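Just below is one structure, and these are the notes that go with it.
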Amino acid sequence: MANRGGFSSRLGFIMAAAGSAVGLGNIWGFPYEVGQGGGAAFVVMYLIFCFVLCYPVMVTEIAIGRKTQKNPVGAFNALGYKKWNFVGKMGIFSGFLILSFYNVIAGWAFGYVYEMAIGNFDIATHFSEFTQDVFKVGAYGMVFMATTAYVVSKGISGGIEKAAKFLMPSLLIMILLIVGYALTLPNAMDGLRFYLVPDFSEINTQVVINALGQAFFSLSLGMGALITYGSYVNKKENIVSAAAFITLADVGIAVLAGMMIFPLIGFMSGGAMDNVGSGPGLIFETLPEIFGTIGGTFGAVAGTLFFVLLCFAALTSTVSLLEVPVAYVVDEKNVRRSRAVWLVAGAIFLIGIPSLLGNGYSEFFSKFITYPGSETATDFLSFIANVANDTLLPLGGCLIVFFAAHVWKKHNLDEELSHGAPNYKGSFLQKYLNFAVGYLAPAVLGFIFVITVLKTYFGISIF
Ligand code: PHE
């Protein structure tokens, strides 16, 4: 087999996979989902999903990847179950969709680097004009996609791993500093209460659907991103502990992002938390304000630095999203890596154009679809996010665990997991994972998938 490259070290894999997981999903997506989902009750659901259901899916994906050393389609073929490679194909399709809209938001974040650098904190109240300037934000998006393509074209250890190792820790430090500052502001505690004290009457079907979608999206699961990264991992790696670290890092950063945003919203609104459901614009409208309160050169420097780091967090995620279809084309279609990268990146950029136009510029894409039973129209970007994050990823995750436990078989999964983890066999964790991968996750994910489809696309609520 041709040399596919691989991670050069244990830390390199963990950092790259954590880099894939930590991204806009944590800092942009999580706070706005919490805002729309009623606060702490959403957070509780999300945490349960991450640890109880998603962690087993993550372990399974990495194990399948390492066992087969293949992309998500090739992996099912290599295990001898060609019929199942539709799961991999669906994953690649999801990756296309996700990257197409993700890149638009990354373009916004990139544009904010400039806005902060020139001290334009007023952008907080002009966000919708910003997103409607489609030629400008389109150009930002194009630069972002080109950068992603460049990193992916450099291959595994040269590009992805190097970038992640340095940038992830910097982001963490920056967030901690902002959290520290935000907590000292007046009315910060009102924000924190909304975020951390659950009101369980807020939980309804929609909150459950969104929390599960957010958990999958944030952990990069259900589409084979971690099958692909797993395929570059060495047999000495301990998968169960690496996956635990990745899950904790991802959840930790999301929780911290909330600790940064909600106190700030409390501060800005004088303690009123009934207006936090502003949606995808949330961080773009609240964060410039905090840098504005700091003010002056220092505010501009802090703001610039924050959005630079956010762009890097997004970049380590876009890189993993692009790597999935690229690995597929390289492995299965024998296309040279550099060529595959630019072809796929160009195609995804084009698919993203409706998501770019649907934020006020084009009436058609801004009011793209009205779901049955809903009064308001959904824009194209949100529609694609619903299809990919809330529907396809949990379905993909469900099929992957079902496949691993009942088709490929649990003892094979256990065998793969015990490489690099000598104490795994016979442990409590093994028993839990057997139960979760075999029964709990397929059943719960399958059930929520059915509910999601009925509710979202047919307007039928069983609960
Ligand atoms: N997990 C990434 C984020 O939170 C997004 C992502 C989803 C990346 C799926 C890869 C695969 O930003």
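The values are calculated or read from the model by the stated rules, or taken from the named source; none is laboratory data. All of these numbers come straight from a predicted model, not from anything done at the bench. Counting neighbours? That spans all protein chains shown, and the Cβs are built from the backbone with ideal geometry, glycine included. For accessibility, only protein heavy atoms count, side chains too; no ligands or nucleic acids. Shrake-Rupley method; radii C 1.70, N 1.55, O 1.52, S 1.80 Å.
Some notes on this structure:
- Only DSSP H runs of four or more residues enter the estimate; each adds -39500 (n - 2.57), and after division by the residues of the chain the mean residue ellipticity at 222 nm equals -22000 deg cm²/dmol.
- For segment 43-108 versus segment 307-341, the spacing of their alpha-carbon centroids is 14 Å.
- The label-point distance for ALA443 and ASN412, in a model that sets each label 7 Å from Cα toward Cβ, rounds to 2.5 nm.
- Segment 6-40 residues near the modelled LEU429 label - backbone nitrogen below 18 Å, point 7 Å along Cα→Cβ: 10-15, 17-18
- Element breakdown for segment 26-83 at a 1.4 angstrom probe: carbon and sulfur atoms account for 58% of the accessible area.
- Relative contact order, whole percent, for the chain stands at 32, derived from Cα pairs under 8 Å and 6 or more residues apart.
- Sequence-distant residues sharing a close amide H with ILE369 (under 5 Å, placed H): THR378
- The chain - convex hull of alpha carbons, volume per residue in Å³: 133 Å³
- Across segment 195-212, rounded Karplus estimates of 3J(HN,Hα) from the backbone phi angles (6.51 cos²θ - 1.76 cosθ + 1.60, θ = phi - 60°) give 7, 10, 9, x, 10, 5, 5, 6, 6, 9, 4, 4, 5, 4, 4, 5, 5, 5 Hz, Gly and Pro being marked x.
- The residues of segment 10-361 expose on average 34 square angstrom of accessible surface per residue, using a 1.4 Å probe on protein heavy atoms.
- With 32 Å as the limit on Cα-Cα distance, the pairs of LYS89/LYS367; LYS70/LYS165; LYS235/LYS431; LYS236/LYS333; LYS162/LYS367; LYS235/LYS455 that go past it are LYS162/LYS367; LYS235/LYS455.
- Qualifying aspartates and glutamates (Cα of each under 15 Å from Cα of LYS409; at least 8 residues distant if same chain): GLU61
- Simple label model, 7 Å out from Cα along Cβ direction - ASP122 to THR376, nm: 2.7 nm
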